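Asker: The following block contains the structure, expressed as structure tokens.
Nothing in this text is a laboratory measurement; each read-out follows from the coordinates by a stated rule. Here the structure is a predicted model, which means the values were calculated and not measured. Ideal geometry is used to build each Cβ from the backbone, glycine not excepted, and the neighbour counts take in all protein chains shown.
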Amino acid sequence: REGYHAVMVYGQAIVNSTMLPGTQILVKDQLSLWDDEFWIHDRGFHLETGEFVYGNQRGVPYQLQRVTRIENNQRIIDRPDLVWTLGDDWRTDEEYVGGVYQKG
């Protein structure tokens with residue numbers, strides 16, 4: 001599919017953890033952007049042990065889908081089935097819990 005795809009310039013980076021002081025994390029990120037989807041494949045590994053720190057351990061990117069778009073300064077709903085993801089003004093607590101459980 002036509003879209004924009006980004007990888008880290010050197011394939012990975014080493015950063016200091018903000019959550020675990022004194023720990024370094026090996027970061028690997030790829031991004032893909034299409035008209036109605038945004039995929040984020042980011043993973044972090046403990047530099048010394050190689051243990052997984054964050055990201056999807058199954059190697060599957062997070063897949064976000066467009067829910068709305070803006071036309072003439074108006075928000076247009078493209079995915080009514082995902083409107084519960086837009087925030088408290090767009091759902092009840094029950095709808096949020098139901099949506100989370102439905103999507104997994």
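Asker: Helix 93-103: angle to the longest alpha-carbon principal axis of the chain, degrees 0 to 90, nearest 10?
Answerer: 60 degrees
Asker: Here's another thing I want to ask about it. What size of dipole, in debye to the nearest 20, comes out for segment 1-83 about its Cα centre when the only charges are +1 on Lys and Arg C-beta atoms and -1 on Asp and Glu C-beta atoms?
Answerer: That gives segment 1-83 a dipole magnitude of about 60 debye.
Asker: Further question on the same structure: Per 0.36 nm of contour for each residue apart, how much would the distance between D35 and Y4 grow if the chain were fully extended, relative to their Cα-Cα spacing?
Answerer: 10.2 nm
Asker: Applying the Karplus parametrisation 6.51 cos²θ - 1.76 cosθ + 1.60 with θ = phi - 60° to the phi angles of segment 47-56, what ³J(HN,Hα) value in whole Hz is obtained for each residue in order, glycine and proline being reported as x?
Answerer: Ordered by residue, 3J(HN,Hα) equals 4, 7, 9, x, 5, 5, 10, 7, x, 8 Hz.
Asker: Show me 56-62, 25-31 ranked by packing, highest mean number of other Cβ atoms within 10 Å first.
Answerer: Result, highest mean Cβ count within 10 Å first: 25-31, 56-62.
Asker: Could you state the orientation-averaged shadow area of the convex hull built on the Cα atoms of segment 38-104, in nm² to one decimal?
Answerer: So the Cα hull casts an average projection of 6.4 nm².
Asker: Could you tell me which GluC sites (Glu not before Pro) in segment 18-78 are loop residues by DSSP with no more than 13 other beta carbons within 10 angstrom of their beta carbon?
Answerer: Within segment 18-78, the qualifying GluC sites (Glu not before Pro) (loop, at most 13 other Cβ atoms within 10 Å) are E48, E51.
Asker: Let me ask something additional. Taking amide H positions as placed in the peptide plane 1.01 Å from N, state which residues far from M8 in sequence (5 or more) or on other chains have amide H under 5 Å from it.
Answerer: D29
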